[in-house]
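Notes for the one structure printed next.
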Amino acid sequence: MNTLPTLWQRQLAEAFSSVEDLCRHLQLAPASLPLLPHCKEFPLRVPRGFADCMIKGDPNDPLLRQVLPLQDELEHYPGYSLDPVGDLSAMAETGVIHKYQGRVLLICTGACAINCRYCFRRHFPYADQQLSRQKLQQALAYIAARPEIKEVILSGGDPLLLKDDKLATLLEAVADIPHIQRIRIHSRIPVVLPARVTLELLETLAKLRQQIVLVLHANHANELSAEVASACRNLKQHRVTLLNQSVLLKGINDDSLTLRQLNEKLFSLGVLPYYLHCLDRAKGVGHFEVPEQQALALMQSLQEQLPGYLVPRLVKEQAGAAHKIRLA
Ligand code: SF4
């Protein structure tokens, strides 16, 4: 029997997938923008709620800049590659990335609710890493055989895009492994599609015996709407620890006022600033890079303006390294 789509599934289906429609909604003329002629491999995808947080008529809106496919993506930058953080050489099993001691990452899906143009996994071969029933059993067996693994990270794509029953089955299977103490979820969905934080999802998370950490991804205070605040409140009430990771992006959040406002707003929603990532050098994203010296100066400014608990760690990921490299 077919069940009716829920609110978040309807919102997902109604997300903008055409640049022309998004421009019309924002009262912008597509012909006036240096748009990519084709972006079929990594298409535009923007939930309407996220688009509603953009300023109409402003082609440089910091939320729009994160999702608009521009000709800049065709520019060649030395050192940019298809696998900038060495994911492929760290695949331990299908769908299992094992880079760091004590934790592994599961690629749960290749899909996201939004397509961020700066994405470090925009070229990731998701089709080769799908966790079919059999591959999932192999992934779980890999984790179960290694008692030193204390934490499983659900990633993707966006793991919260899985339907409730599939997500619950996956979470319960991970939770059944005796030595797993923490389950971490990396998701941009509470920010870009907050209706996904349903009562059913909250109850699934609250039932697990492990500590649950949800690492959100917000880059600008304008992303944090009243609906996002409500989703965060509900998650906190269901004992989920909320952290945020941002990416430092040229023209979007590369000034200290924007970063200060972001981190203050996050904390007001019960979310601790965790990481500020230097851009991962994926092919096609070089125009978003902020030079390291500028990033360090921004951190100095943040440290002067904010209490320590509101200052995220500035990090970069280096393929093959045993941990993220902390710059400040
Ligand atoms: S939500 Fe995360 S994984 Fe998905 S496109 Fe954006 S940066 Fe990439």
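Any chance you could count how many residues in segment 1-59 are part of a loop (DSSP other than H, G, I, E, B) and not hydroxyl-bearing (Ser, Thr, Tyr)? Final tally of qualifying residues: 31.
Would you tally the residues in segment 209-232 being away from the ligand (no atom under 16 Å from the Cβ), of a type in the set (Asp, Glu) and crowded, with 18+ Cβ neighbours inside 10 Å?
The first filter runs over segment 209-232 and keeps only residues away from the ligand (no atom under 16 Å from the Cβ), leaving 209-213, 221-222, 225-227, 229-230, 232.
When the remaining residues are screened for being of a type in the set (Asp, Glu), the result is 227.
When the remaining residues are screened for being crowded, with 18+ Cβ neighbours inside 10 Å, the result is none.
Qualifying residue count for the region: 0.
The rows are residues; the columns are (1) surrounded by fewer than 21 Cβ atoms within 10 Å (Cβ to Cβ); (2) more than 16 Å from the ligand (Cβ to nearest atom).
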{"site": "ALA168", "(1), (2)": "yes, yes"}
{"site": "ILE180", "(1), (2)": "no, yes"}
{"site": "ILE185", "(1), (2)": "no, no"}
{"site": "PRO190", "(1), (2)": "no, no"}
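Scanning segment 277-306 for residues that are within 28 Å of GLU75 (Cα to Cα), acidic (Asp, Glu) and not in a loop (DSSP other than H, G, I, E, B) turns up just one, GLU292.
So that you can scan it fast, the table gives a plain yes or no per residue for (1) of a type in the set (A, V, I, L, M); (2) within 15 Å of the ligand (Cβ to nearest atom); (3) touching a Phe, Trp or Tyr at 6+ places or on another chain (Cβ under 8 Å); (4) on the phi > 0 side of the Ramachandran plot:
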{"site": "SER81", "(1), (2), (3), (4)": "no, no, no, no"}
{"site": "MET91", "(1), (2), (3), (4)": "yes, no, no, no"}
{"site": "GLY102", "(1), (2), (3), (4)": "no, no, no, yes"}
{"site": "ALA113", "(1), (2), (3), (4)": "yes, yes, no, no"}
{"site": "ASP128", "(1), (2), (3), (4)": "no, no, no, no"}
{"site": "GLN138", "(1), (2), (3), (4)": "no, no, no, no"}
{"site": "ALA145", "(1), (2), (3), (4)": "yes, no, no, no"}
{"site": "GLU148", "(1), (2), (3), (4)": "no, no, no, no"}
{"site": "GLU151", "(1), (2), (3), (4)": "no, no, no, no"}
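Evaluate segment 61-73: report whether one residue or more is more than 20 Å from ILE114 (Cβ to Cβ) and either surrounded by fewer than 13 Cβ atoms within 10 Å (Cβ to Cβ) or in contact with an Asp or Glu (Cβ under 8 Å, 6 or more places away or on another chain) (or both).
yes
Conditions (1) free of Cβ contacts under 8 Å to residues at least 60 places away in the same chain; (2) surrounded by fewer than 16 Cβ atoms within 10 Å (Cβ to Cβ); (3) of a type outside the set (Lys, Arg), marked per residue:
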| position | (1), (2), (3) |
| --- | --- |
| GLU93 | yes, no, yes |
| ILE97 | yes, no, yes |
| GLN101 | no, yes, yes |
| VAL104 | yes, no, yes |
| THR109 | yes, no, yes |
| ILE114 | no, no, yes |
| CYS119 | no, no, yes |
| ARG122 | no, no, no |
| ALA127 | yes, yes, yes |
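Residues in segment 4-52 that are surrounded by fewer than 19 Cβ atoms within 10 Å (Cβ to Cβ), hydrophobic (A, V, I, L, M, F, W, C) and in contact (Cβ under 8 Å) with a residue 40 or more places away in the chain: LEU7, PHE42.
Coordinate-derived values only; no laboratory data. Here the structure is a predicted model, which is why all the values come from computation and not from measurement. Cβ sites come from the backbone with ideal geometry, for glycine too, and all protein chains shown count toward neighbours.
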